[in-house]
Every structure is written in C-alpha cells, then in structure tokens.
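Below: one structure, written as structure tokens.
Read-outs: derived from the displayed coordinates by stated rules, not from any lab. Keep in mind that what you see is a predicted model, and the values were worked out from it rather than measured. In this analysis, Cβ positions are derived from the backbone assuming ideal geometry, glycine residues included, and neighbour counts consider all displayed protein chains.
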Amino acid sequence: MTVKLLAEFVDGETLRSALVRVRSTGHAALDAFTPYPIEGLDERLGQERPRIRLAMLVGGLASAAFAYGLQWYSAVIDYPINSGGRPLNSWQVFLLVPFEVGIFAAALAGVLAFLWSCRLPRLHDALFEIPGFERATQDRYFLLTASGISPNDLRAVLTGAGAVAVTELRSP
C-alpha cells in the first residue's frame, strides 16, 4: 500500500534540497506546491510536459481536413455547378473556411487538453482538507511524496530535510 505524505517547508531552497534527498533515498516525489515558480523544480520532479500542443495540432488539422473535404464533396460530387467555366475542384476557393475552422478547433482542443492535463474541473481534493494548505499560494512550500516501503522512513527523511510539518494524506 502506498502512503502519501505532504511536507511543509518555509522557503523554496529547503524544498529543493528536500526534493533531492527524497529522490536519492528511493522515494517518489509526486508534486510540489509553491506560491511562485521555482526554476528547475519541474525537471527535478521528473514530470513530463503536457501534450497540449499535440492535441491542438491534431484537432486543428483534422477539423480543417474535414471542412475541406466537406466543401470539396458538396462542390464536386453532390451539387456540381459550373460557374464561369472553372474546374469543379478548384482548391483555392475552398481554403478560407478550413483555415478558420482549423484555428477554432485547435483553440478548442487546446483548452480541453489543458483542462484534462490539470484534472479539472475538480471540485474536491484530499489536499484541501489539510490545515494550512491554503498558504501554498501565499508563503509556504509543500512537497507531496509517496512511499510504498516505509512511510516512517520517508517521514524521517522529510523532517531531517527541514520540513516544518509532515501530514499523511488520507485517500478514499
């Protein structure tokens, strides 16, 4: 059974050194909560970058291709009208709508991918029940860790690294 512990630190440097100690002892560091971004913290946590750009690219290109195909089908196969002797499949005429639809779909896919990567909308999290966690946006630094082997060993590592308080996270 994995036990999650949340450690509270007074400053960012202590949090950074505690993260190094936790990783070096073989425990997992899951996330960090800080009032402002700390340089290099994401790389040390080992979190991968969200794939929002890829979702935007795929959503935009797929929607633009669909819009182009729909216009081409309606103009060439379903309802062909010979206007001024031009060819029915004149692709230059069909570019404006797929461009606009592609931009809109890419933006929409980006927003949805962002919400998905942040696990939103999340109305409740067990972290919100911990007293003092609201100070993570003001002047405290928190490190969420996990230990599958020995939670007491992890608690000792965190307190030895300078944690002001270590709280066990209760998961339903």
#### Entry: Cα principal axis extents for the stretch 52-117, largest first, Å
51, 18, 13
### Query
Suppose every K and R has +1 on its Cβ and every D and E has -1 on its Cβ; what is the size of the dipole of the chain about the Cα centre, in Debye to the nearest 20?
280 debye
### Query
Rounded to the nearest 500 deg cm²/dmol, what is the calculated helix-only ellipticity per residue at 222 nm for the chain, with -39500 (n - 2.57) per DSSP H run of length n ≥ 4?
-13500 deg cm²/dmol
### Task
Find the percent of Cα-Cα distances in the chain that exceed 23 Å, and round it to a whole number.
58 percent
### Summary
Ser17 and Val93 label points (each 7 Å along its Cα→Cβ direction) are spaced in nm at 7.3 nm
### Summary
Rounded to the nearest 10 degrees, the helix 52-72 long axis (Cα) sits at an angle to the longest Cα principal axis of the chain of 10 degrees
### Task
Give the relative contact order (percent, whole number) for the chain; include only Cα pairs under 8 Å separated by 6+ residues.
52 percent
### Message
What is the angle, in °, between the Cα long axis of helix 12-24 and the longest principal axis of the Cα atoms in the chain? Nearest 10 is fine, range 0 to 90.
### Response
90 degrees
### Message
Need the C-alpha centroid separation for the stretch 1-39 versus the stretch 134-171, integer Å.
### Response
7 Å
### Message
What do you get for the angle between helix 151-160 and the principal long axis of the chain? Use alpha-carbon atoms, 0 to 90 degrees, nearest ten.
### Response
80 degrees
